[in-house]
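These notes are about the structure you will find just below.
The values are calculated or read from the model by the stated rules, or taken from the named source; none is laboratory data. Computed from a predicted structure; not experimentally measured. Here the Cβ positions follow ideal geometry from the backbone for every residue, glycine too, while neighbour counts run over all protein chains shown. Accessible surface is based on the protein model in full, side chains and every heavy atom, while ligands, DNA and RNA are left aside. Shrake-Rupley method; radii C 1.70, N 1.55, O 1.52, S 1.80 Å.
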Amino acid sequence: MSEAIIETRSLSKEFIRDEFHVVALKDVDISVRQGEFVALMGPSGSGKSTLLHLIAAMDRPTGGEIRVLEHDLHEMNDREIAHWRNAHIGFIFQQFNLIPVLTALENVELPLKLTHLKKQERLEHAATALKLVGLGDRLGHYPRQLSGGQEQRVAIARAIVTDPALILADEPTGNLDAASAQEVLTILSKLNKEHGKTIVMVTHDPHAARFATKVRHLEKGELLPEGAVPAD
């Protein structure tokens with residue numbers, strides 16, 4: 001393992017809506033090193049997805065410090081963050097978030113449209129990513145023509161097509177049956193072990209967490225000490 005590529009200190013996130021004040025994260029210190037596959041576990045409302053969104057700079061903290069890939073996210077404006085995220089972060093959503101009117105190949109090509117690659121180069125990169133997740137024979141299929149597991153594999157291909165340094169996955173198997181979930185987790189494990197990708201995955205499923213190299217638990221917005229698990 002090498003140096004930490006994710007580092008937070010006293011990271012906090014609060015939401016104030018009308019008379020409601022919610023502390024989503026409280027004083028979280030976490031370090032993720034290059035090449036790790038970390039599973040963030042915890043019940044609904046524990047703050048695990050909030051933490052993932054802060055790492056991806058999809059939201060801003062209300063307190064503390066966060067550095068990702070040697071960048072202080074506090075110091076970057078929205079435009080800089082958008083370009084940084086597209087170049088360095090691959091995000092996998094629970095709901096797939098594919099564009100229904102685009103083919104698998106076109107969906108995977110989308111992040112590359114923000115690069116300087118020519119059209120043919122973008123399509124070649126997208127095809128390579130789809131082959132890597134076992135969908136080389138589905139390039140021209142639309143989301144409605146794919147199973148849930150295949151849709152999530154397209155989403156993984158889209159997340160890795162820019163060759164990101166960091167892959168973030170938010171409940172990637174939450175909408176899948178057991179067989180499809182196994183396929184997706186196997187792909188993520190392969191990306192970690194064979195391609196050296198650093199992965200942070202939010203999950204509530206102990207089976208999914210077993211694919212990770214490290215598991216950290218959150219409870220009521222607080223990160224438990226390493227090795228600790230929530231009380232039943």
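A compact table of results
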read-out	value
Within region 110-122, tally of residues that are closer than 25 Å to residue 199 by Cα and part of a helix (DSSP H, G or I)	6
Residue among 39, 56, 24, 4 that alone is open to solvent by less than 40 Å² (accessible area, probe 1.4 Å), among the hydrophobic types (A, V, I, L, M, F, W, C) and touching a Leu at 6+ places or on another chain (Cβ under 7 Å)	56
Selection from region 60-95 of residues that are among the charged types (D, E, K, R) and either surrounded by 16 or more Cβ atoms within 10 Å (Cβ to Cβ) or in contact (Cβ under 8 Å) with a residue 60 or more places away in the chain (or both)	67, 70, 85
Members of region 96-147 found to be free of Cβ contacts under 8 Å to residues at least 24 places away in the same chain and surrounded by 20 or more Cβ atoms within 10 Å (Cβ to Cβ), listed by number	122
Pair list, Cβ under 8 Å, 6 or more apart: region 195-215 residue of a type in the set (Ser, Thr, Tyr), other residue assigned to a helix (DSSP H, G or I) and modelled with pLDDT of 95 or more	198/192; 203/209; 213/192
